[in-house]
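One structure, pasted below without further comment.
The values are calculated or read from the model by the stated rules, or taken from the named source; none is laboratory data. Bear in mind that the values here come from a model prediction, so they are computed numbers and not experimental data. With ideal geometry, Cβ positions are generated from the backbone for all residues, glycine too; neighbour counts draw on all protein chains shown.
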């Protein structure tokens, strides 16, 4: 079973083909990602109109490359999946329309995939996990703790009440004149710095409800940075290291609260999973691995290439839905907002 | 050759299947709308393709209006055209909205200038003028109603497009012989197909014609001074 996946919700134009072989083995046959980072770098963030223009310019070329890399022709796939949101709607429409068009022209089923569900299910593509599991989803636009009970079946345990984690990294990077995207830049600087030089707050620490608040931390960094400016290279490294240490503590503490909330809801997770672009951060991964060990759970994080937005995760989510007969028609709409709890699991069919 | 033509650039969502040399499309559908093209387009193409025997395998080409028009509309139409072209292994070509609006008048307006004036909002028009025989006279531009009327020259002029009357008013004010032939909000999809059939894929790529750069300003205000 082979599925084409298309992703255009933010600043990556991506397409991939994923398969489940007869042996049951999962394979990524191709995974093409065209990042628009350079086009947005001057603005310190993604500019929606620039992103939409870039997606339409590249979409057919990236899809053609995904087929060429996999050694397949359009008719060789079993279904087409495209991200229908949440995201920047101008870009979502490009990938969604292209996906529908390929499905229609090849006579294959079409699946409109929720981008967050695709991140949530990636661990099943890579590690064949069984439900339920606890997911920390962290990216430029999202910061949530979810109990993943099944395809289309999510219980949101908590989320950010202000900034997303990736957004906090981007804002700190911008403040310190580090290159966009902020996540890798701050992590690189943090590796050179002293994480104990500045004692930044750990917002929400110890609270039972597994929510996040990050804008106060960002402000604390700015106030300290403004006080000691002009900044030396060492200052920048120390600010990054101290900020990242606070972020790791927050992630670990909030995920611990999420684990408790999950169990209180009567769900016993098999695994702790971290996914999304910020899951590429090594310090956060190590922190969560410690927490998982303490909780007696395995910890799974996707390989670096599958942390950021990609087509393989969309193809995989499409494949999971296709296996359950959860397909969509040509009328599927692009959704700028699409919380996971608005999805519905496949109803049990009467025997 | 058989072509699938798509238009989502202006005030309609349209598609048709057209066989070269035929008097009318094999199948067509036009929905008049100002918004909602993204949701309407693929179901509409599905219905149109069901009505044409042979399906996608019988197509030799895809044509799409590339603008000027609504940015969202252009991107939806172009994405669909490019993806269909890839899946069916056929070329895709772009047709401008002004050309598709003006095309029906070519060869029928003896001795008159043919001008297409499409509403670009905020008192602006997307404007292009041709000779009665279809030779370029005024290149495509975004201008005020008045500047469009002035670009016509001595006239007489036959106008088409959603802003035809607004430009005609300015033309009359400066004493031009101006006639509004058609002020439809979108081109006739059959003409998009006809122009698509004769377009050269090398010189008419399916690429949105925005006419304007994105409105953005680099931001570095939040940056702190470095030593």
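Among the residues of the stretch B:42-54, is any in contact with a helix residue (DSSP H, G or I) (Cβ under 8 Å, 6 or more places away or on another chain), away from chain A (no Cβ under 14 Å) and at negative phi?
The first filter runs over the stretch B:42-54 and keeps only residues in contact with a helix residue (DSSP H, G or I) (Cβ under 8 Å, 6 or more places away or on another chain), leaving B:42, B:45-46, B:49, B:52.
From the residues that got through so far, the ones that are away from chain A (no Cβ under 14 Å) too are none.
The answer is no; no qualifying residue exists.
Same structure again: Give me a count of the residues in the stretch A:31-64 that are assigned to a helix (DSSP H, G or I) and within 11 Å of chain B (Cβ to nearest Cβ).
Final tally of qualifying residues: 22.
Return yes or no: is residue B:215 outside any helix (DSSP H, G or I), surrounded by fewer than 17 Cβ atoms within 10 Å (Cβ to Cβ), out of contact with any strand residue (DSSP E or B) (no Cβ under 9 Å at 6 or more places or on another chain) and within 14 Å of chain A (Cβ to nearest Cβ)?
Yes; evaluated as a whole, the condition is true for this residue.
Please go through the stretch B:184-210 and give me each residue that is within 14 Å of another protein chain (Cβ to nearest Cβ), in contact with a helix residue (DSSP H, G or I) (Cβ under 7 Å, 6 or more places away or on another chain) and over 13 Å from residue B:92 (Cβ atoms), ordered by number.
Within the stretch B:184-210, B:210 is the sole residue that qualifies.
Take residue B:180 and tell me if it is touching a residue at least 12 places away in the same chain (Cβ under 8 Å) and either part of a strand (DSSP E or B) or in the same structural domain as residue B:16 (by TED's automatic domain parsing) (or both).
When the stated conditions are applied, residue B:180 passes them.
Here's a follow-up. So which residues in the stretch B:153-173 are at pLDDT 95 or above and over 15 Å from residue B:98 (Cα atoms), if there are any at all?
B:156, B:157, B:165, B:166, B:168, B:169, B:170, B:171, B:172, B:173, listed by residue number.
Consider residue A:17 carefully, then state whether it is within 17 Å of residue A:99 (Cβ to Cβ), without any contact (Cβ under 8 Å) to a residue 60 or more places away in the chain and touching a helix residue (DSSP H, G or I) at 6+ places or on another chain (Cβ under 9 Å). Explain how you work it out, then say what you get.
On the way: within 17 Å of residue A:99 (Cβ to Cβ): yes; without any contact (Cβ under 8 Å) to a residue 60 or more places away in the chain: no; touching a helix residue (DSSP H, G or I) at 6+ places or on another chain (Cβ under 9 Å): yes.
No, not satisfied.
Given (1) at pLDDT 95 or above; (2) within 14 Å of chain B (Cβ to nearest Cβ); (3) touching a helix residue (DSSP H, G or I) at 6+ places or on another chain (Cβ under 7 Å); (4) more than 24 Å from residue A:161 (Cβ to Cβ), where does residue A:180 come up short, assuming only one miss?
Condition (1) is where residue A:180 drops out.
Quick one: how many residues across the stretch A:131-157 are part of a strand (DSSP E or B) and surrounded by fewer than 22 Cβ atoms within 10 Å (Cβ to Cβ)?
Of the residues in the stretch A:131-157, 5 are part of a strand (DSSP E or B) and surrounded by fewer than 22 Cβ atoms within 10 Å (Cβ to Cβ).
Does residue A:251 qualify as being away from chain B (no Cβ under 14 Å), buried (at least 18 other Cβ atoms within 10 Å of the Cβ), on the phi > 0 side of the Ramachandran plot and touching a helix residue (DSSP H, G or I) at 6+ places or on another chain (Cβ under 9 Å)?
No: the conditions fail for residue A:251.
Continuing with this model, one more query. Show the residue pairs meeting these rules: Cβ distance below 8 Å; 6+ apart or different chains; first residue within the stretch B:59-81 and within 8 Å of chain A (Cβ to nearest Cβ) and within 21 Å of residue A:89 (Cα to Cα); second residue part of a helix (DSSP H, G or I) and at pLDDT below 95.
B:71/A:49
For the stretch A:310-346, give me each residue that is within 29 Å of residue A:253 (Cα to Cα) and out of contact with any helix residue (DSSP H, G or I) (no Cβ under 7 Å at 6 or more places or on another chain).
A:310, A:337, A:338, A:339, A:341, A:342
Just for the stretch A:66-92: of the residues that are in a helix (DSSP H, G or I) and within 24 Å of residue A:276 (Cα to Cα), which one is nearest to the other protein chains (Cβ to nearest Cβ)?
Among those that are in a helix (DSSP H, G or I) and within 24 Å of residue A:276 (Cα to Cα), it is A:90.
Every residue in the stretch B:218-227 that is assigned to a loop (DSSP other than H, G, I, E, B) and touching a helix residue (DSSP H, G or I) at 6+ places or on another chain (Cβ under 9 Å), please.
B:218, B:219, B:220, B:222, B:223, B:224, B:227, listed by residue number.
I've got another one for you. Do we find that residue B:22 is more than 30 Å from residue B:213 (Cβ to Cβ), at the interface with chain A (Cβ under 8 Å from one of its Cβ atoms) and either crowded, with 22+ Cβ neighbours inside 10 Å or free of Cβ contacts under 8 Å to residues at least 12 places away in the same chain (or both) in this structure?
No, not satisfied.
Condition test on residue B:9, is it without any contact (Cβ under 8 Å) to a residue 40 or more places away in the chain, surrounded by 20 or more Cβ atoms within 10 Å (Cβ to Cβ) and within 14 Å of chain A (Cβ to nearest Cβ)?
So residue B:9 does not fit the description; no.
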